[in-house]
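*Asks:* After the structure tokens below, expect a handful of questions from me.
Values in this text are rule-based calculations from the coordinates and carry no lab data. Quick caveat: nothing in here was measured; it's all calculated off a predicted structure. Cβ sites come from the backbone with ideal geometry, for glycine too, and all protein chains shown count toward neighbours.
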Amino acid sequence: MKTIKAIALTFAFASASLVFGCAQQGESAETQPETASEDLVMFPGSVDHVGIVESTTMMLVSGATDFATVLDSYNQDDPFALKTAHYQAAFAKNLRKFDVRDGKSEWTPDQVTAFSTRMASGNYQVIDTSMPCDYATPHTYLEIERAQLTGKRHQTCGGRMPNEDAMDVTLNFLIRGPAANITGPGALRDGVDQATAKSTNTFPYLADLNE
Amino acid sequence: MNLKALAIALPLLGILVGAPTESFASDHVDGLKTALDNAADLTDLYTFVSPKDPTKLVMVLNVHGIASSMSRFSNAVDYKFRIRPIDDATKLTPAPDARREQSMVCSFSGGIPFIDANQHATCTFNFGATKQVVRFDTRSDRYSAGGDGAAGGVRVFAGVRSDTWFLDGGKTVKYVYSNEPVSQAAGSNLLEGQNVLSIVVEVDKAKLAGPLLAITAQTVRK
């Protein structure tokens, strides 16, 4: 019971912090700069890491309590040396769940093991800077991983470009398997194909802020 | 009152209180700690070869999924890009030896709460044998709310940009939590109109440890 109360209080504090932060930010947008968040809360050490899209909220967690018990631990790990044994079973379980989402099973057991091991050991993007990145029509995200899983040689730079629909790539990869493309018959989509403003092809690439 | 910021915060509030696993925004707010610490909450990473200059690698990290024009980076956080070579293309495993790691670490100083949003950025690229430091202010006339600097083949931008992430939140939840068909019709972007704090780095590919690389971004509170 004490644990539940502690989690409830933590959620409440997090919520209050968000609302307070937003209200403060709202005022500051019109009159003055916001207070940096370090003035509100402080935690020493690693806070977060990012590599693979939705590595946490879609691929790792399997229940509401994981938000409090798993994600902070994962985020605080070294992204090049995750505690593999802590996470591999969860990544594998969720991958198997996604695999049958469309009523078919496209992931082989070896592929599930390979990708869940990779996700549980590190959170990073793979890029081959010697291969082409087509910035105008970006279809490179996870291409290197998909090629490896299906025994092929990759054809693009991999990595991730800002205008690529990474959610559609993720949905098709998880549900339809590593051989599936995001176009063609049976392809899945969420119906949102670009951000508020597209990124440009000149430094600093990302579109100007929304006023 | 910044209603857009509040509009994104309230769903996140609901996520925190009612359905913590339904954040589904790339890497936005993916834990209690990052929910509290938005200036260190990484939202996205991008890595690609420059479309203008194929000799350059570009890396982008975004934080602070509810940023406004006056948002600042945290002076108490190191913002890191970490790069390790991949020796075996068949396994795609980063080099385990940390001594082979290259990095770019940006830290910030100055900027007075409620008075001055401009910060001083110090970004240090550790190539292994050599280092390159780039210093600049995060506000300049060149951008609406950003600044940049360059030195020794490294160019860096830091400031507020439009959020690059996009998804239909409702459809994504259906894909994850139901077995029902999901409409393929046009959706609604959960992140429409939102901003982030971005750090953009452009670096000569020749300075990197190889063509096949593993790259991650990390925030570390000092």
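*Asks:* Which length gain, in nm to one decimal place, applies between A:Ala187 and A:Thr117 when the Cα-Cα distance is subtracted from 0.36 nm times their residue separation?
*Replies:* 22.6 nm
*Asks:* Relative contact order of chain B, please, whole-number percent, based on alpha carbon pairs below 8 angstrom and at least 6 residues apart.
*Replies:* Relative contact order comes out at 25 percent.
*Asks:* Moving on to the next point. Can you work out the FRET efficiency for the pair A:Lys152 and B:Ile115, with r the C-beta to C-beta distance and R0 = 60 Å, to the nearest 0.05?
*Replies:* Approximately 0.60, to the nearest 0.05.
*Asks:* Find the relative contact order for the stretch B:147-190 and round it to a whole percent, using C-alpha pairs within less than 8 Å whose residues are 6+ positions apart.
*Replies:* Reported as a whole number, the value is 32 percent.
*Asks:* Just list whichever of B:Lys52/B:Lys222; B:Lys33/B:Lys222; B:Lys56/B:Lys222; A:Lys104/B:Lys33 have alpha carbons separated by over 26 Å in the model shown.
*Replies:* B:Lys52/B:Lys222; B:Lys56/B:Lys222; A:Lys104/B:Lys33
*Asks:* Quick check on my link table: of A:Lys152/B:Lys91; A:Lys198/B:Lys207; A:Lys83/B:Lys205, which ones sit more than 20 Å apart, alpha carbon to alpha carbon?
*Replies:* Correct reply: A:Lys198/B:Lys207; A:Lys83/B:Lys205.
*Asks:* Next question. If you find the alpha carbon centre of the stretch A:145-183 and of the stretch B:63-113, how far apart are they in angstrom?
*Replies:* That distance is 24 Å.
*Asks:* Still on this structure, I have one more. Cross-link candidates for B:Lys174: which lysines have Cα within less than 16 Å, leaving aside residues fewer than 8 places away along the same chain?
*Replies:* Of all the lysines, those that pass the test against B:Lys174 - Cα under 16 Å, at least 8 places apart if same chain - are A:Lys97.
*Asks:* Another question about this same structure. I need the shape label for the stretch A:125-173. Rule: rounded when a/c is under 1.5, else prolate if a/b > b/c, else oblate, with a, b, c from the alpha carbon gyration tensor.
*Replies:* Oblate shape, in that a/c is at least 1.5 and b/c is the bigger or equal ratio.
*Asks:* Tell me the mean residue ellipticity at 222 nm calculated for chain B from its helices only (DSSP H runs of n ≥ 4, each -39500 (n - 2.57), averaged over every residue, nearest 500).
*Replies:* -4000 deg cm²/dmol
*Asks:* In addition: Say each of A:Ala136 and B:Ser188 gets a label point 7 Å from the Cα, pointing the same way as Cα to Cβ; how far apart are those two points in nm?
*Replies:* With each label point 7 Å from Cα toward Cβ, the separation is 3.5 nm.
*Asks:* If you fit an axis through the alpha-carbon atoms of helix B:3-17 and take the longest principal axis of the Cα set of chain B, what angle between them do you get, 0 to 90°, nearest 10?
*Replies:* The angle comes out near 80 degrees.
*Asks:* Decide, for the stretch A:54-173, between rounded, prolate and oblate: order the square roots of the alpha carbon gyration tensor eigenvalues as a ≥ b ≥ c, take rounded if a/c falls under 1.5, and otherwise choose prolate if a/b is larger than b/c, else oblate.
*Replies:* prolate
*Asks:* As an exercise, use a Förster radius of 25 Å and the Cβ-Cβ distance of A:Lys97 and B:Lys222 to find the FRET efficiency, rounded to the nearest 0.05.
*Replies:* According to the calculation, E is roughly 0.05.
*Asks:* Net charge near B:Glu180, counting Lys/Arg +1 and Asp/Glu -1 over other residues with Cβ under 14 Å of its Cβ?
*Replies:* +2
*Asks:* Just check chain B against the gyration tensor rule for me: Cα atoms, a ≥ b ≥ c as the square roots of the eigenvalues, rounded for a/c under 1.5, and otherwise prolate or oblate depending on whether a/b exceeds b/c.
*Replies:* Taking the square roots of the gyration eigenvalues as a ≥ b ≥ c, chain B is oblate.
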